[in-house]
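I have placed the structure first, in the form of structure tokens, so that the comments after it can refer back to it.
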Amino acid sequence: MRNLRILLTVMAIAAVLVAGLVVVRLVGGDSTTAPSSGWSGPTGATSAPRNDVERLAQQYELVERNRPERTEVRRRSDKALVATLTVGARTVVVAGPHRQFAEPSTTPAVIDSTSWVRVAPHAWQPQRSEDEKFAGWLLDQIEDESPPIDVLGATMQYLADAPDGRNRDGVRYIGDAGFGYVHSADERDGADFYDYLEIPWTFSDTGKEKPSKRWDRDLDCSGFVRLIYGYRFGVPLLNGPVNTTVNALPRTASSMAAYARSVLIAAGRTPSRAPTDLSTLLPGDLVFFALHDDPNLITHSGIYLGKDQDGGMRFVSSRGTVDGPTFGDVRGDGVVDSGYFGDRLRRVIRL
């Protein structure tokens, strides 16, 4: 933003109910600051920038970091961190207005966040700072004083009692989602994003697929991730089995974790162990769990939201315990760093 120290005053941007109130609200506050180092682009320029590449270099420092390789974008005037781009990933975390996520019917946790998760047109590489189109896109994200809905905000639009919303084609694409999944000894089936939308979808690998009336308005865990990152924010989607890395989101949680082109953020030392270091997680990261009998088999996926007021690392996913998307604590704390899900966390990736 042109001035992240002048943020929006308190306003409501969503009222999404979960047998009570799910709150997403913007609040005033300051951005995080930290010392900068590393490459800072051309220096000494005093003339007006001729294009977005020059403006990016004059107004912002690009600071290279490791583990994972990433670029921090900091405002030159006060060194405030305004964006984080991870090498090889399309997701970009931008500093924006403070907001809070709350789901009081399922948890007392409140997430106070300034992170807004965007999906870039291309995976980040440092040389893209010299690309006029990418520089323009990045400037738009960090300088927009009225940011549109992002990945995190979109996840809140499917919690229980969320009001319906339709697009220009009349498709009901937001609103309360149920949980559609069967897992037993002889049956495994689940609701994908097009089942929730109640529309047919043509995939590049399997062709046209029709929605199941059994799962209308329902989402399984990977269907929820695909609805958010795929349908809402444009990441390509595949429908059939895969056995190699793909520039898309495969159908199942286990295939996403193994084959979606991404940056590995955390993993256990063995496939049956939880990661021990979660310090590099950022909001928007995909988190994967082994929830059934086999500790090596990933069966659940979600989206990391950030830390709550107690420091718990909250994630949102579609779960049978509340019949749909939630970040609550019904039958297991909804955090990745301890408890039921923490013990069963297996992998974290950044798209």
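The values are calculated or read from the model by the stated rules, or taken from the named source; none is laboratory data. Model, not experiment: these values are computed from the prediction. We place every Cβ from the backbone using ideal geometry, glycine too, and count neighbours over all the protein chains shown. These area figures cover heavy atoms from the full protein model, side chains too; ligands, DNA and RNA do not enter into them. Shrake-Rupley method; radii C 1.70, N 1.55, O 1.52, S 1.80 Å.
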- [ ] Starting from region 281-292, take each residue that is free of Cβ contacts under 8 Å to residues at least 60 places away in the same chain and list its partners that are assigned to a loop (DSSP other than H, G, I, E, B), counting only C-beta distances under 6 angstrom and pairs at least six apart or across chains.
- [x] A290/L297; A290/I298; L291/T299
Task: Among residues of region 118-134, those that are touching a residue at least 40 places away in the same chain (Cβ under 8 Å) and among the aromatic types (F, W, Y), counted - done: 1
TODO: Collect the residues in region 157-169 that are in a loop (DSSP other than H, G, I, E, B) and open to solvent by 40 Å² or more (accessible area, probe 1.4 Å), keeping them in residue-number order.
DONE: D161, P163, D164, N167, R168, D169
Open item on the list: Against the conditions (1) hydroxyl-bearing (S, T, Y); (2) in contact with a Pro (Cβ under 6 Å, 6 or more places away or on another chain); (3) without any contact (Cβ under 8 Å) to a residue 24 or more places away in the chain, where does S115 fall short? Just the number, please.
Closed with: (3)
Open item on the list: Within region 182-279, considering only strands (runs of 3 or more DSSP E) that don't extend past its boundaries, which have at least 3 residues that are farther than 18 Å from I349 by Cβ?
Closed with: 188-190, 201-203, 207-209
- [ ] Return the total of residues in region 314-337 being on the phi < 0 side of the Ramachandran plot and not in a strand (DSSP E or B).
- [x] 11
Task: The listed residue being within 25 Å of L159 (Cβ to Cβ) and either assigned to a loop (DSSP other than H, G, I, E, B) or open to solvent by 40 Å² or more (accessible area, probe 1.4 Å) (or both), out of G311, G306, G302, G342 - done: G311
